[in-house]
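For reference, the structure discussed in these notes is given below.
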């Protein structure tokens, strides 16, 4: 059994090691904890032991917004997706005892591969860039194809129109973290609820934060080996996930979260937004019809609200990433683009 350890990142590594030795088969301390630099919501740590490595995701310390930082939902998703066509890291243990490290956390497999942060993929060849986007498209379709009954996720969302629920939720979250007045957010908050497309009854398991840097590719081939950051996953409309990822084509490349706006897609070998959407629809048989501007405006509004929450946590001293203020500064320009789509 491990002895008392150092206080690192606000928790006792010895106490954590002793706890994990009891709860995870084969875990043996002592351990060293190193915080990953990225991750805007739930602080994420590399847990290294003499034998192997793990990853720990925890709720941040301090006062939190209601329903935010749901590491228990993330853990449930990872367990549910084991054995499906969706690549995920193996989840080992969920701890809901705040006394261990000060907040809930879970431990999962440490995976080695490549994470691409720049959507223009400068480190890859032209042909490999196209394959990366096709692989992302394939995995997105696989997520939406999950049999929620078989995976035990049939109760993972609420009934009713997904977009109406989400607009209400993120308006409340935005108000709870609002630090300054943003005219375009006010316009979107007024416009979106009265322009929700008719509910077509389609319900899928959705990721909620599906983007390039939330997945890991194999080191030696263009294949996704794990999708991460399932905190915002739920049951909802699959087009919401597609529109969320397609925002990347609207972002500027010099933003904190880099985008593809103004890129020479043909030279890069990267599909345009229209081509990416068309590939998804061909894979799934779905059609977004004439309502794409609504879906895009909704996605931009939702991300603006998320960024505002990141800014509020940074101002309160609870941000989990050094980039938090840069991400928070995106709220206003995201709202501006969102309103320009429909205003």
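Data table
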| quantity | calculated |
| --- | --- |
| Tail fraction, Cα-Cα pairs, segment 150-238, threshold 19 Å, whole percent | 56 |
| At R0 = 35 Å, FRET efficiency that the Cβ-Cβ distance of residue 283 and residue 178 yields, to 0.05 | 0.35 |
| Estimated [θ] at 222 nm from DSSP helical runs (n ≥ 4, -39500 (n - 2.57)) normalised by residues in the chain, nearest 500 | -12000 deg cm²/dmol |
| Inter-label distance, nm, simple model (7 Å from Cα along the C-beta direction), residue 98/residue 155 | 2.5 |
| Per-q log10 I(q)/I(0), segment 176-296, q = 0.13 Å⁻¹ (Debye; single scatterer per alpha-carbon; no solvent) | -0.68 |
| Two-decimal Rg to Rh for the chain - Kirkwood Rh, Cα set | 0.96 |
| log₁₀ of I(q)/I(0) at q = 0.18, 0.22, 0.28 Å⁻¹ - segment 189-251, Debye sum with one point per alpha carbon | -0.81, -1.05, -1.21 |
| Max mean-square fluctuation residue, GNM over the chain, Cα-Cα springs under 10 Å, options 246, 307, 281 | 281 |
| Residue 22-residue 134 pseudo-label distance in nm [points 7 Å out on the Cα-to-Cβ vector] | 5.2 |
| For segment 272-300 versus segment 155-173, the gap between their alpha-carbon centres in whole angstrom | 20 |
| Label-point gap, in nm, between residue 223 and residue 109 - each point 7 angstrom along Cα→Cβ | 1.3 |
| FRET efficiency, residue 35 to residue 186 (Cβ-Cβ, R0 45 Å, nearest 0.05) | 0.80 |
| Stokes-Einstein translational diffusion, segment 97-177 - Kirkwood Rh over all Cα pairs, 1.002 mPa s, 20 °C, in µm²/s | 121 |
| Cα Rg, Dmax (largest Cα-Cα span) when computed across segment 7-109, Å | 13.3, 40 |
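All of the numbers you see were taken from the coordinates with simple rules; none came from a lab. Everything quoted here is computed from the prediction, not taken from an experiment. When we count neighbours, we look across all protein chains shown, and the Cβ atoms used for this are built from the backbone with ideal geometry, even at glycine.
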